Structure formats: structure tokens, C-alpha cells
Amino acid sequence: MKPIVTLTLNPSIDVSCQADTVRSVRKIRTTDQRIDPGGGGINAARVINELGGRSIAVYLSGGVTGSVFDGLVRTAGVRHWRIPIGGAIRVNQVVFERSSREEFRFTTEGPPVSEAEWRSCLDDLEVLQFDYLVASGSLPRGVPADLYVRVARIVADRGARLVIDSSGDALREALRHGVFLAKPSIGELEQFVGRPLREPQALDETARELVGSGRVEVLAVTLGHEGALLATAAGTVRLRAPEVAVKSAVGAGDSFVGAMTFAFTQGRDARDALALAVAAGTATAMTPGTQLCRRSDVEALYQRLRTEG
């Protein structure tokens with residue numbers, strides 16, 4: 001079986017820590033610092049590996065922080081394909097405030113990417129062999145909004161399947177071309193269609209319309225603690241997330257898409273893939289900061305979902 005290729009155009013060094021109280025001006029003492037390689041495709045690759053799959057993470061990297069990031073990727077045991085750029089990889093921070101039990105996320109925009117650099121990325125994708133490619137995360141400055149459309153053409157030319165996990169113009173352009181799987185959050189889908197979808201019937205109808213249009217074969221809409229909605233040509237199904245003690249939502253969506261893609265490579269049907277994806281997203285929410293899911297937790301939650309469903 002070919003490895004799943006993930007693409008991260010705007011990776012990040014993700015730093016998480018805890019503080020008693022977050023206040024302005026004052027020096028805030030933090031504890032429990034953790035540093036991980038981040039970005040949608042990187043997180044998806046880490047989860048695929050954790051579940052027993054094989055992945056290759058393709059990403060852009062540059063600057064002093066790029067060297068640190070490369071080391072973090074190696075330490076995490078992720079097979080990777082590094083594309084050098086001139087700008088320095090961004091650093092994001094997550095702070096958990098113990099007094100309020102709220103999480104504060106500080107997300108930077110990342111470096112600009114030149115045309116030569118993003119075209120080099122497309123050239124390298126032409127070399128790799130895969131049946132599934134996961135394009136996940138935001139587009140950095142300088143990259144055209146239709147970049148994922150160009151990726152989709154590369155994927156289609158080899159008869160492979162594209163999984164898209166993005167938002168805004170990047171998602172809109174990709175769906176104009178057509179993809180195998182798209183995983184927007186409920187908020188991202190509302191932005192896409194330009195109207196609220198909080199009523200179950202409105203969400204179901206919109207999801208069915210998108211699948212019926214031929215722009216996406218499988219649509220998975222994440223609903224936070226409420227679980228997820230899956231839409232295919234066979235109809236829609238909802239799966240509620242198991243009740244757990246939530247420590248951090250960082251990386252839950254990436255874990256969802258990584259697990260779902262892995263399930264499809266195993267030949268599982270869409271409903272079973274949804275159960276594994278919800279289990280992985282929920283398991284990630286059980287871990288603090290930028291830590292992702294543990295396989296044992298995913299398997300236990302998956303069994304709960306299969307039994308209760």
C-alpha cells in the first residue's frame with residue numbers, strides 16, 4: 001500500500017503551556033511547556049502514523065525556525081519531504097489558563113512564499129507516488145487561492161484521491177474543481193455558503209446539495225463537541241462525539257481528517273471511517289496543549305461509538 005501524502009504549505013512550531021492567570025502588562029509565569037511540529041498536514045501525518053498507517057509529510061521550511069521544525073518532525077518519527085523557502089516558519093502558542101480553564105491561541109500568519117517556491121512544491125508532488133493526498137491548512141502569503149486546484153489536477157492525473165481540509169477561498173476554489181473528501185467545520189461551511197446552518201435540516205440539505213453537485217464525493221462537517229455530519233450519495237448521517245474530559249481542542253480537526261483518510265485506505269466504508277474519525281478527534285481533545293491522540297484512546301472510543309451506534 002502506498003503511503004498517504006500530506007501537504008502543509010504553512011507549517012508551524014506549536015508551543016503550548018499553562019498559566020494561573022493571563023493578564024495584560026504583567027509578566028506571566030508558565031509551566032508544562034510542550035513543543036510540537038504543527039500545521040494541518042503535519043498533524044494529520046502524525047495521527048496516521050499513530051494509528052498504524054504510513055505517511056509522507058510534504059511541507060515548506062525555511063529560516064532558523066525551519067531548522068528547529070525539521071528536527072521536531074524527525075523526532076516525531078514522521079517521514080517527510082522538505083521544500084526549502086527563504087522565509088522563516090511561524091511559531092504559534094497555546095496558553096491554558098488554569099483559573100478560568102480557558103485556552104488562548106496565538107496564531108501567526110507565517111512567511112511569504114515566492115512563485116518559484118510554490119511552483120517547486122508542485123513539481124515535487126509530481127514525483128511522489130500516492131493513492132491519497134491530504135491538502136490541509138491555510139495558504140501562506142504569496143500563494144494563489146487556486147493552489148489546491150493545481151494540486152487537484154496532479155492528483156486527478158494519476159487517478160488518486162484528494163482530501164481537502166481548508167477554508168475560505170482555498171476551499172471554494174478546490175470545490176469548484178471537485179475533490180474526493182472535504183472536511184470543513186460548521187463555521188467554515190457557513191462561510192462557504194454565506195448563511196447560517198445551525199438548524200439540522202438546513203445543514204443536511206446543504207450537505208446533500210454539495211454532494212449532489214458533484215463537487216465533493218464525501219463531505220464531513222465537524223460540529224465540535226456535537227460530533228460530525230457525513231454526507232455521501234447514499235444520504236447523510238450524524239455521529240455524536242462521546243462525552244470525555246476535554247483538555248484542549250488543538251489538532252482535533254486535523255486528527256479527524258487524518259483518521260478518516262487512513263480508514264479509507266483500509267477499505268472501510270464511509271460510516272465506519274466517520275466513527276474512526278470522530279474517535280480520533282475526541283481522543284485528541286482528551287490530551288493537553290498541542291499533544292495529539294493516543295492510539296489506545298482512539299481504539300477505545302471507536303469501540304464505544306460502534307457499540308452505541
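Report whether or not Glu226 is without any contact (Cβ under 8 Å) to a residue 12 or more places away in the chain, acidic (Asp, Glu) and surrounded by fewer than 20 Cβ atoms within 10 Å (Cβ to Cβ). So Glu226 fails the test. Among the residues making up the range 175-200, none is in a helix (DSSP H, G or I), within 22 Å of Ala277 (Cα to Cα) and in contact with a helix residue (DSSP H, G or I) (Cβ under 6 Å, 6 or more places away or on another chain). If you go through the range 92-112 and pick out every residue that is surrounded by 18 or more Cβ atoms within 10 Å (Cβ to Cβ), more than 16 Å from Gly251 (Cβ to Cβ) and under 18 Å from the mean Cα position of the chain (by Cα), you end up with 1.
For every residue, the table says whether it meets (1) farther than 28 Å from Ala160 by Cβ; (2) at pLDDT 95 or above.
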{"site": "Thr8", "(1), (2)": "no, yes"}
{"site": "Cys17", "(1), (2)": "yes, yes"}
{"site": "Ser24", "(1), (2)": "yes, no"}
{"site": "Val47", "(1), (2)": "no, yes"}
{"site": "Glu50", "(1), (2)": "no, yes"}
{"site": "Val64", "(1), (2)": "yes, yes"}
{"site": "Ser67", "(1), (2)": "yes, yes"}
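Quick check on the range 25-35. Is at least one of its residues closer than 21 Å to Gln291 by Cβ and under 21 Å from the mean Cα position of the chain (by Cα)? Yes, the range 25-35 contains a residue that is closer than 21 Å to Gln291 by Cβ and under 21 Å from the mean Cα position of the chain (by Cα).
Among the residues of the range 243-256, the one identified as surrounded by 19 or more Cβ atoms within 10 Å (Cβ to Cβ) and either farther than 25 Å from Ile164 by Cβ or β-branched (Val, Ile, Thr) (or both) is Val250.
Among what's in the range 113-133 and is of a type in the set (A, V, I, L, M) and more than 18 Å from the chain's Cα centre (by Cα), pick the residue that is surrounded by the fewest Cβ atoms within 10 Å (Cβ to Cβ). Among them, the one singled out is Val127.
Let's see how each residue does on (1) surrounded by fewer than 16 Cβ atoms within 10 Å (Cβ to Cβ); (2) in contact (Cβ under 8 Å) with a residue 24 or more places away in the chain; (3) under 19 Å from Ala280 (Cβ atoms):
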| site | (1), (2), (3) |
| --- | --- |
| Ala135 | no, yes, yes |
| Ser167 | no, yes, no |
| Ala202 | yes, no, no |
| Val216 | no, yes, no |
| Leu219 | no, yes, yes |
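Entry remark, the range 67-87: residues being farther than 30 Å from Lys2 by Cα and crowded, with 18+ Cβ neighbours inside 10 Å number 1 in total. The set of residues in the range 201-238 being of a type outside the set (S, T, N, Q), in a strand (DSSP E or B) and more than 19 Å from the chain's Cα centre (by Cα) consists of Gly235, Val237, Arg238.
Somewhere in the range 210-222, is a residue among the hydroxyl-bearing types (Ser, Thr, Tyr) and farther than 25 Å from Leu276 by Cβ? Scanning the range 210-222, I find at least one residue that is among the hydroxyl-bearing types (Ser, Thr, Tyr) and farther than 25 Å from Leu276 by Cβ, so the answer is yes.
The values are calculated or read from the model by the stated rules, or taken from the named source; none is laboratory data. Everything quoted here is computed from the prediction, not taken from an experiment. We place every Cβ from the backbone using ideal geometry, glycine too, and count neighbours over all the protein chains shown.
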